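Visitor: First the structure, then my questions, so here it is.
What follows draws every value from the coordinates through simple rules; no lab data is involved. Since this is a predicted model, take the numbers as computed values, not measurements. Positions of Cβ are backbone-derived with ideal geometry, glycine not excepted, and every protein chain shown enters the neighbour counts.
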Amino acid sequence: MESTKDAERLRRWRLGLGEEAQDCCGSAGLSMEDQQIDAALAALYETGSRHSLRGGSGASSPRVARWLGDIRKYFPSSVVQVMQKDAFERLNLQSMLLQPEMLENVQPDVNLVSTLMSLRGIIPEKTRETARLVVRKVVEALMKQLEEPMRTAVTGALNRAVRNRRPRYAEIDWNRTIRANLRHWQQDYRTIVPETLIGYGRKSQRMQREIILCIDQSGSMAASVVYSSIFGAVMASLPAVKTHLVVFDTSVVDLTEELDDPVDVLFGVQLGGGTDINRAVGYCQSLIRDPRNTIMVLISDLYEGGVEKNLLQRASDLVQSGVQVIALLALSNEGAPFYDKELAAKLAALGVPSFACTPDLFPGMMAAAIRREDINLWAAKEGIVTA
């Protein structure tokens, strides 16, 4: 019993004192998780550490983003707030936000936006507008890159979804009808016998599709939040789509009213905290008016802090009612995500495809969902491995 207490005491001293205490405390041994905790502490508090975050602000931005995610993972929120404040002062992140030269030369960098989102609560008032300018510049660059593919894919899919195969005479699209029936050309009569009539889609007063983006705002999902906000803003601008944007940790926040400005959305997100996916899905369920015209995209690493049994029941109910439910384990370019493989497999068994998706493939995925294609088959064509 005493030896266990001694080992724990040595472990705590080793983590508190850092690498220099390795010789006197090394006998305690550090687990893999302890080593990651040690690296997070060393990055902030040990000047000469190989893990240090000090250096050029441009090069360190991705490392800072990863470090912020690590401290949220290993320390309680009260400690995280202290460490973030220390990082802001010790690593001179304030100067990174205040230099006009950086604003003029900043490159589109999702990691940078993630960092600013994480520090939002401790950025001094006088630098807050500068931070918004940085985020806006990054968002505008990403919009230029992503808006047109998203708009084209969704609009095209919607148009095909409403193509009228039983048109009245006044609704016939003669150009498409002729092209579709050229093989029925009758030489003797010098005319085409139209076997298939294609008409213009009948205009409807209701939305053609309702799309709900339900986003986990835990620290590891920061990049996914950035991309989701931009895609949500694009879809919200399409008249035939009703888009909802919901973010969650243990609480749920509906940011749909902010979708006209992705920057406002990002500054309304509070990264970190626990995760209650069941509660978030329950809120999204309450938004659904027409299940068979609704697509719900849950973007989460699926580490559920709520009641998993209830979450699975909700997912089953949604699928059975006709809602297309898709679980994205990540929406980013950061490689294979960490996620709860068991929960992903359980959702897949209920008919909820679960996989990671890069931003360039997201428009195609949404188009396939709008056309009511099998998303698992779409993923296979794209070389995506599903859970």
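Visitor: How many nm is it between the label spots at THR152 and SER77, if each spot is 7 Å from the Cα in line with the beta carbon?
Guide: With each label placed 7 Å out from Cα toward Cβ, I get 4.4 nm.
Visitor: Computed FRET efficiency, Cβ-Cβ of ILE172 and ARG372, R0 25 Å: what is it to the nearest 0.05?
Guide: Here the calculated transfer efficiency is 0.50.
Visitor: Would you kindly state how much longer the chain becomes between SER321 and LEU287 on full extension, computed as 0.36 nm times their sequence separation minus their alpha carbon distance, in nm to one decimal?
Guide: 10.9 nm
Visitor: Order these by the 10 Å Cβ neighbour count, fewest first: HIS184, HIS244.
Guide: HIS184, HIS244
Visitor: Can you give the Kirkwood hydrodynamic radius for the range 239-332, in Å, rounded to one decimal and based on Cα pairs?
Guide: 14.1 Å
Visitor: Once you have the Cα-Cα distance between ILE192 and ASP264, take 0.36 nm times their residue separation minus that, and quote the gain in nm to one decimal.
Guide: The span from ILE192 to ASP264 would gain 20.3 nm if fully extended.
Visitor: Given H placed 1.01 Å from N in the peptide plane, which residues other than close sequence neighbours of ILE212 have an amide H under 5 Å from its amide H?
Guide: HIS244, ILE295, MET296, VAL297
Visitor: Related question: Taking amide H positions as placed in the peptide plane 1.01 Å from N, state which residues far from GLY306 in sequence (5 or more) or on other chains have amide H under 5 Å from it.
Guide: ILE277, ASN278
Visitor: Using 0.36 nm times the number of residues separating LYS381 and GLU308, minus their current alpha carbon distance, what extension gain do you get?
Guide: 23.2 nm
Visitor: With θ set to phi - 60°, apply the Karplus curve 6.51 cos²θ - 1.76 cosθ + 1.60 along the range 40-45 and write out the HN-Hα couplings as whole Hz, x wherever there is a Gly or Pro.
Guide: Couplings: 5, 5, 5, 4, 9, 10 Hz.
Visitor: In addition: Taking θ = phi - 60°, what integer Hz values does the Karplus form 6.51 cos²θ - 1.76 cosθ + 1.60 yield along the range 84-89, in sequence order, with x for Gly and Pro?
Guide: Rounded to whole hertz, the list is 5, 5, 4, 5, 4, 7.
Visitor: What is the calculated FRET efficiency for ALA180 to ALA141, with r their C-beta to C-beta distance and R₀ = 56 Å, to the nearest 0.05?
Guide: 0.85
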